[in-house]
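Nothing in this text is a laboratory measurement; each read-out follows from the coordinates by a stated rule. Nothing here was measured: the structure is a model prediction, and the numbers come from that model. Because the Cβ atoms are built from the backbone with ideal geometry, glycine has one as well, and the counts that use them run over all protein chains shown.
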Amino acid sequence: MYADPQKRVLTAEEAELIREKLGLNQPVYVQYFKWLATSLQGNLGYSYKTKAPVLDEILARLPNTLLLAGSAIFLTLLLGIPIGAISALRRYSLVDYFFTILSFIGISMPGFWLAFILITVFSTRLGWLPPVGMRSYGQSLGSIQEIIDVGKHLVMPMLAMAVVEIAYWARYQRSSLLEVLGQDYIRTARAKGLKERIVVWKHAFRNSLIPMITLVGLTLPDLVNGSYIIETVFGWPGLGRMGVQSILIRDYPVVMGVTMLSALLVVVGNLLADFLYIFVDPRIQQN
Amino acid sequence: MSKKRLILILFLIVSTISLLTACQPAEVTPETITIIETVIVEGTPQVIEKEVQVTVAVTAVPEEPAEEVGEESDRQGGVFTWGMPDEFPGFNPILNNNYTELWLFGLTSEPLTWGGENYPTELKPILAESWEVSEDGLVWTIHLRQGVVWHDGVEFTADDVVFWANAIQDPETGEGAAWWRPRFETAGVPHTFEAVDKYTVQVTTAEPIPSLLNQICVPLIPKHYFEENGVSNADMANDPFNTEINIGTGPFKMVEYRRGEAAVLEANPDYWRGKPYLDTVVLRVIPDPTAMLAAVQSGEVDWAQVEPQYVPQLLQNPNIELHILKMDSFRALEFNVKKPMFADKRVRQAFMHAVDRQSVINAYVMGYGEIPDYPFTHVVYGYEPLPQYEYDPDKALELLAEVGWVEGPNGTLVAENVEGVPAGTPFEFTLDTPPRYQAIGTVVQANLADIGVKANMLIQDYPTWLAENLGKEDKPYDVVVGGGGWLGSDGAGYSWAYYAGSATNSQMSYYNPEVEGLWAQVTATDDKEVKGELLREIAVILWDELPMAPLLWQNWVFAANPKVHVEETELNPNLFALFAKPETIWIEK
């Protein structure tokens, strides 16, 4: 607030009282363990700003962030892996060069810059897609229209988030598959007279996915971090935007809560990746 | 190529061109306007102005469109989307006083009267219909408007008023209420609020307070909600009434809040001034200024405050109408007058002459501001322009020379015989600048460098600054780029600056018994004329002594969908009552 009346109102004693009330006069480590103890019981404290429980604030926004990050991951898998595979199978062909150049453009493009370009082109100039928020308000829509409406809002932030990832994934998948294709057992398979289709898809491709799964685990927190910027630019009502806002106003309980959740997602992401190994690599299952 | 084919191609080209030109909207005419652009000269702290010719498309506005399409039945209905620059901290009006909620409360909730800093200057009856004061000025009888219902259908009565006042007075009620509490007591004694009958409230004060109704302008809350749900005052802040929804008596009622996304309000058909034209008001949260700009440009929101730097861009868009509002908000240099360097008023006056305030306005708000000619803002009673301090560096040097600052080696000023400053000390000080006022600080610094005064900018974010300066007896700072806003018309809002009882309480460490005496008289009267005269007397003194050097009065720019009809006169420079009559806003279909 411009004038910020609080700075004129609070006397030193009152400020001390509030510090006392919020427990801010205790040593940092005491505050930390207190926080940790209550957090483990599911109480992340109350937002300084809204006075609502931090858990409520987070749960209200988590689905929105998961929707955005989830669809971005889906798009990444959908495009990144096939592009990489095609590039590897048609190494040094025109298609390979084309995707290579495209990947380098994608990798070098900052997400927020792409976001602004998308907004300028598709919202401001063409008016096809809404530039901010997650849904339209004020008209009662049928359930199907509502899904379409959210989808329209989703397209640009999802693209802005996914493009860089797709580019990375395509590069990783390409080199991973190439490495596998150079292995002895592939030569053996070919020597056995197996059909090329089976050699590639059953033996090479499947094995090339193992390092990619590690990448899935690492991408999840990446997307959550990326959401800090992308959600702010697109006004997406998710955790990332809340994180940025609460850092700016020093809403510590919320900052702690969001950070904790990011950490949790890293763990969950890696755990998920470990489970996925089982499906791809039977050797792990046996052990 | 045969001749026939050539003719055919030619025909095709011509027809395509004519088709393309036909698509141009006929009413848009290009027009050249001159805007002043500020340019920061690379490598130097210098900021210069440049006149730039910009060609903009100006849409010809048909004469009197409002009369033609403005039939009552045509105005009914529609959704009005308002872009909010911040998430809502809460919805209980006695606990929140930040501008996003004030905008929401302006639609959903109502106080007894309009007055004080959040409302237009005239005291106006809202939920109170009339009132009288006893001879001794201690007992107020307030007659309430009858037949007003809360959004949930329960009638509004005197019991609600008593409950509301007691909740604010209760120290158990959350921190937000502390801001209002001093207005509900005098010298530590709370006013007594009593319900005489269903529609009459009696307020008894320990001392006569002529401006009582200007002070207790806080939107009301329904007693029945808190009683039925067993919400104690201490729990109010964490109750859903604050964190999710509210119930008021205003023209619109809250129906939904999606955390961080939007608050949806619907028309209150039983509103006492009449049913609103709009069906729905959506307050959409868009904290990022660029995202807000995109939302305005694509028509996603109908109304939003925009940063002045985007104005040239918006001027080129025929689908956007700009409303420029002279706000009750100012930026100023706050001097610490206890520091020997700034103890002499002539030094402060010299600063006013040395700083090119138009450049400050151009750099900070792209020209959307005014040069102040009064120590308060233009909304304060008794405002009349005072003799201006013109931009005149020579005059500034002259004044500084009188105090004892003379030109030393390499052009800097050094003290010769300045009281409290050792001879030979160069004129160098720290200019505390919050990041958002950096543009102001830069111009001030450059202007002062021109006269040989060195200002070292200290850019600190606000929480850090507060932690270092809050409530200190001896203020550590020299000069702060500060100011204030929404301080109201009766001068009460300026206490932190000018008459806080002692120098410690004043942001500027300023204390003048004469000013203090005049303030006491201002507070003692409720006559607007008398108040105005007294305030003007104070203003003359302050304008001469300048504990705070006003740099600019800020204008706010609102971008609007041209289909939205908001009477200009219904827009107020106050936060809460930005729209004086929200029920009369309507949208062309």
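Taking 16 Å as the straight-line reach from the Cα of residue B:528, the aspartates and glutamates in range (excluding those fewer than 8 positions away in the same chain) are B:117, B:122, B:384, B:490, B:537. Its Cα gyration tensor gives the protein assembly as shown an equivalent ellipsoid; the semi-axes, largest first and in whole Å, are 53, 35, 33.
Applying 1/(1 + (r/R0)^6) with r as the Cβ-Cβ distance of residue B:124 and residue A:248 and R0 = 41 angstrom yields a FRET efficiency of 0.65.
Indicate the gyration tensor shape class of segment B:254-364 (rounded, prolate or oblate), computed on the Cα atoms with a ≥ b ≥ c the square roots of the eigenvalues: a/c under 1.5 is rounded; otherwise a/b larger than b/c is prolate and the rest oblate. It comes out prolate by the Cα gyration axes.
Once you reduce segment B:270-346 and segment A:86-127 to the center of their Cα atoms, the two points are 37 Å from each other. Packing, as the average of other Cβ atoms within 10 Å across residues, places the peptides B:322-332, B:282-292 in the order B:282-292, B:322-332, highest first. Restriction of the GluC sites (Glu not before Pro) in segment B:78-144 to DSSP coil positions whose beta-carbon has at most 16 other beta-carbons within 10 angstrom yields B:122, B:135. The Cβ shell under 11 Å around residue A:200 holds other residues with a net charge of +4, Lys and Arg each +1, Asp and Glu each -1. Taking the charge dipole of the protein assembly as shown about its Cα centre, with +1 at Lys and Arg Cβ atoms and -1 at Asp and Glu Cβ atoms, the residue from B:383, B:99, B:250 reaching farthest to the positive side is B:99.
Here the gap between residue A:56 and residue A:90, fully extended at 0.36 nm per residue and compared with their Cα-Cα distance, gives a gain of 7.2 nm.
Across peptide B:86-96, the mean count of Cβ atoms from other chains lying within 10 Å of each residue's own Cβ comes to 3. In this structure, residue A:192 and residue A:40 have a Cβ-Cβ separation that, at R0 = 41 Å, corresponds to a calculated FRET efficiency of about 0.15. Here residue B:475 is the anchor, and the lysines within straight C-alpha reach of less than 25 Å, apart from those fewer than 8 places off in the same chain, are A:7, B:338, B:339, B:345, B:454.
Under 5 Å from the amide H of residue B:458 lie the amide H atoms of B:431, B:432, B:433, each residue being 5 or more positions distant or on a separate chain, with H modelled from the backbone and absent for Pro and chain starts. Binning the alpha carbon pair distances of segment A:73-133 at 10 angstrom intervals from zero yields the distribution 20, 34, 32, 13, 1, expressed in whole percent. Projected label points at residue B:309 and residue B:192, each 7 Å from Cα along the beta carbon direction, are separated by 5.8 nanometres.
Taking 25 Å as R0, compute the FRET efficiency from the Cβ-Cβ separation of residue A:126 and residue B:563 and round it to 0.05. Here the calculated transfer efficiency is 0.75.
Relative to the current alpha-carbon distance between residue A:202 and residue A:22, full extension at 0.36 nm per residue lengthens the span by 58.7 nm. Pairs of alpha carbons in chain A separated by more than 32 Å make up 44% of all such pairs. Over all other residues within a Cβ to Cβ distance under 13 Å of residue B:190, the charged ones net out to -2, with Lys and Arg as +1 and Asp and Glu as -1.
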